[in-house]
Number of protein chains: 2
Amino acid sequence: MGLFTKDIKTMNDLFVHQLQDIYYAEQQLTKALPKMASKATDPQLKQGFLTHLEETKQHVKRLEEVFKMHGVAVKAVDCPAIDGIIEEADETAGEVADKAVLDAALINAAQAAEHYEIVRYGSLIAWAKQLGRTDCASVLAKTLEEEKATDKKLTALAESKVNLRAAS
Amino acid sequence: MGLFTKDIKTMNDLFVHQLQDIYYAEQQLTKALPKMASKATDPQLKQGFLTHLEETKQHVKRLEEVFKMHGVAVKAVDCPAIDGIIEEADETAGEVADKAVLDAALINAAQAAEHYEIVRYGSLIAWAKQLGRTDCASVLAKTLEEEKATDKKLTALAESKVNLRAAS
């Protein structure tokens, strides 16, 4: 959609626009996660990024399923928010000299992406229900649960090991 | 800090860098919130943005207090993530023709900013504790609680009223 073209006239339009936005975001994350895995030193963190990469590929497919269920074309629109989150992750990672500190920075970066997705899927699910599309809401809810679980795993890994090592 | 200059050598450096990043983000939000308030139609949402603007100004002051407590200069660094989140909020808002739908979009946009801050303050508090700066952690925790409370209020407002009106 173009800038300031006032293309969003209904909640359904907003729902479809947000689907297109998160579809772009998930695709960008399938490119960012392998890079984050390659930068991580802690084996559990490295594996965590790779596991979430597989989940993210599944999230892309689920979004394609929701587009089809809702009878609209599969399409992505630019998402400056996820671009900014990934750019900041790259910049900060590029500035960290110590490997243990880098792991702590990578977790922080990944959690920014997770929380961005948690907000967007939360809104999408609420809007789908309001539009009577509980079928779409159910599919989106599976992804939301995986994003929340990943965020919790990252917090646990930071608190149990990574922050301790980074500060030593 | 410059790109790829490897200026972050310790967890303390990462903590200070993140303080500078969120200091920039909070400042940008003090500029974005009045605009969001002016775009909102629902009086409760409009007032909510204005109340959070006052809290955000306080968050800026608290960060200045933490910089001083920690003995480092008050400084901001660019934060592409919050720039992207605000840019996306502006773009989406500019595309919405219907006032009730715009309120739903504004809540979604504001929650992306809140969650970005929730992640960053969460990491800052964990790192401060790891560095033995429980005094800094206590100050930062006050802000984190306010960000979480704002996020919950926005969800409640969306679910109780705004989404219903947007879909009607």
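The values are calculated or read from the model by the stated rules, or taken from the named source; none is laboratory data. Everything quoted here is computed from the prediction, not taken from an experiment. Backbone-built Cβ (ideal geometry, glycine too); neighbour counts: all protein chains shown. Heads up: the accessible areas ignore ligands, DNA and RNA and are worked out on the full protein's heavy atoms, side chains in. Shrake-Rupley method; radii C 1.70, N 1.55, O 1.52, S 1.80 Å.
Any residues in the range B:11-32 that have 50 Å² or more less accessible area with all protein chains than in their chain alone, probe 1.4 Å, and which are they?
Residues passing the criterion (a loss of at least 50 Å², heavy atoms only) are B:11, B:14.
In square angstrom, rounded to the nearest 10, how much accessible surface does residue A:91 have for a 1.4 Å probe?
Ignoring ligands and nucleic acids, residue A:91 comes out at about 50 Å².
For the pair B and A, how large is the buried accessible area, both sides, in square angstrom to the nearest 100, if the probe is 1.4 Å?
4200 Å²
Using the Karplus equation 6.51 cos²θ - 1.76 cosθ + 1.60 (θ = phi - 60°), what ³J(HN,Hα) coupling, rounded to whole Hz, does each residue of the range B:128-137 give in order, writing x for Gly and Pro?
4, 4, 4, 8, x, 9, 5, 5, 5, 4
With the other protein chains left in place, how much accessible area per residue, in square angstrom, belongs to the protein assembly as shown at a 1.4 angstrom probe?
40 Å²
Please give the average number of partner chain Cβ atoms lying within 10 Å of the Cβ of each residue in B:109-115, rounded to a whole number.
That works out to 5 on average.
List the residues of the range B:68-82 for which accessible area in the full set of protein chains is at least 30 Å² lower than for the chain on its own; 1.4 Å probe, protein heavy atoms only.
B:80, B:81
Can you pull the accessible area of residue B:135 for me, 1.4 Å probe, Å² to the nearest 10?
60 Å²
Once you sort the root eigenvalues of the Cα gyration tensor of the protein assembly as shown as a ≥ b ≥ c, which label holds: rounded (a/c under 1.5), prolate (a/b larger than b/c) or oblate (the other case)?
oblate
Extension gain residue A:31-residue A:168, at 0.36 nm per residue separation less the Cα-Cα distance, in nm?
Separation in residues times 0.36 nm, less the Cα-Cα distance, equals 46.1 nm.
Does the range B:1-98 come out rounded, prolate or oblate by the C-alpha gyration tensor, with a ≥ b ≥ c the root eigenvalues, rounded set by a/c under 1.5 and, if not, prolate when a/b is larger than b/c and oblate if not?
oblate
Would you mind checking the pairs A:148/B:57; A:161/B:75; A:39/A:142; A:148/B:148; A:39/B:9 and listing those with alpha carbons more than 19 angstrom apart?
A:148/B:57; A:161/B:75; A:39/A:142
What's the average, rounded to a whole number, of partner chain beta-carbon atoms within 10 Å of each residue's beta-carbon in B:116-125?
Counting Cβ atoms of other protein chains within 10 Å of each residue's Cβ and averaging gives 5.
Express the carbon and sulfur contribution to the solvent-accessible surface of the protein assembly as shown as a percent, rounded to the nearest whole number, probe 1.4 angstrom.
55 percent
Can you tell me the orientation of helix B:43-69 relative to chain B, as the angle in degrees between its alpha-carbon axis and the longest Cα principal axis, to the nearest 10?
For B:43-69 against chain B, the angle is about 0 degrees.
Tell me, what is the percent relative contact order of chain B, built from C-alpha pairs under 8 Å that lie six or more residues apart?
The value is 26 percent.
Beyond 22 Å, what percent of the Cα pairs of chain B remain?
Taking all Cα-Cα pairs of chain B, the fraction more than 22 Å apart is 44 percent.
Any idea what the residue A:43 label distances to the other copies are, label 7 Å down the Cα→Cβ vector, nm, shortest first?
6.3
How large is the accessible surface of residue A:85 in square angstrom, using a 1.4 angstrom probe and rounding to the nearest 10?
The accessible area comes out at roughly 10 Å².
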